[in-house]
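S.K.: There's a structure below that I have some questions on.
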Amino acid sequence: MNALPVVVVFGMSFPPIFFEIIVSLMVFWLVRRLLTPTGIYDLVWHPALFNTALYCCLFYLVSRLFV
């Protein structure tokens, strides 16, 4: 008996965090696509750092929803 949960899709085993990463990445792309026309990236000092922080926050929120 395994203590860690595993999701099996078409015979391949995935840890649950894999799906959380995929969902948070899709939400990140959507939020980024919505923020780009607003001009918020003109106010941001370091866009790559902002994107990283945004993804981390979204990943946290998505992982809290799955728990």
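S.K.: Mind listing whichever residues of region 1-33 are under 24 Å from Thr52 (Cα atoms) and of a type in the set (A, V, I, L, M)?
M.R.: Residues satisfying the conditions are Ile17, Ile21, Ile22, Val23, Leu25, Met26, Val27, Leu30, Val31.
S.K.: Go through (1) at pLDDT 95 or above; (2) farther than 22 Å from Val7 by Cβ one by one and return the number of the condition Met26 breaks.
M.R.: Status for Met26: all satisfied but (2).
S.K.: Filter region 17-44 for residues that are under 28 Å from Phe66 (Cα atoms) and of a type in the set (A, V, I, L, M) and give the result.
M.R.: Ile17, Ile21, Ile22, Val23, Leu25, Met26, Val27, Leu30, Val31, Leu34, Leu35
S.K.: Which residues, counting only those in region 37-51, are within 18 Å of the chain's Cα centre (by Cα) and either of a type in the set (Lys, Arg) or open to solvent by 80 Å² or more (accessible area, probe 1.4 Å) (or both)?
M.R.: Leu49
The values are calculated or read from the model by the stated rules, or taken from the named source; none is laboratory data. These numbers come from a predicted model, not from an experiment. Reconstructed Cβ throughout: ideal geometry from the backbone, glycine too, with neighbour counts over all protein chains shown. We work out accessible area using only protein heavy atoms, side chains counted, and drop any ligands, DNA or RNA first. Shrake-Rupley method; radii C 1.70, N 1.55, O 1.52, S 1.80 Å.
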